[in-house]
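Scroll down for the structure; my scribbles are underneath it.
The values are calculated or read from the model by the stated rules, or taken from the named source; none is laboratory data. Note that the coordinates shown come from a computational prediction; the quantities given were computed from them, not determined experimentally. Heads up, the Cβs are rebuilt from the backbone with ideal geometry, glycines too, and the neighbour counts pull from every protein chain shown.
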Amino acid sequence: LHKGDGGHGLFIQLTDDPAMDIDIPDTPTTSAATMTFGPLIAAQALGDRQALLDTGRTVIRFHLGRDSAGGLKRLTKMVTKMNITPL
């Protein structure tokens, strides 16, 4: 989520591949579906990233894959090894 950074934000985006994808019904009265939430969420994340880049914001994206918990653990280990001192 992002709102009102005054143009100075650094945005970190975490994405994953859903372990379970859920159908989006084509109409309110039918269960037939031609789309699922997985691609919708992925498209939203890519659109958000592009919107930030288009306005000159700095964005870094980490895609955690299908095992989001495992991906987050790997990311945490990598960041910890970097030994970065907070500002």
Meets criteria (closer than 17 Å to ILE12 by Cβ, at pLDDT 95 or above and assigned to a helix (DSSP H, G or I)) for ALA45: yes
Among (1) in a loop (DSSP other than H, G, I, E, B); (2) closer than 13 Å to LEU14 by Cα, SER31 falls short only on (2)
Only one of ILE12, ILE22 is within 19 Å of GLY71 (Cβ to Cβ) and either loosely packed, with under 12 Cβ neighbours inside 10 Å or touching a residue at least 24 places away in the same chain (Cβ under 8 Å) (or both); which? ILE12
Restricting segment 48-71 to residues that are among the hydroxyl-bearing types (Ser, Thr, Tyr) and surrounded by 11 or more Cβ atoms within 10 Å (Cβ to Cβ), the residue that is nearest to ASP17 (Cα to Cα): SER68
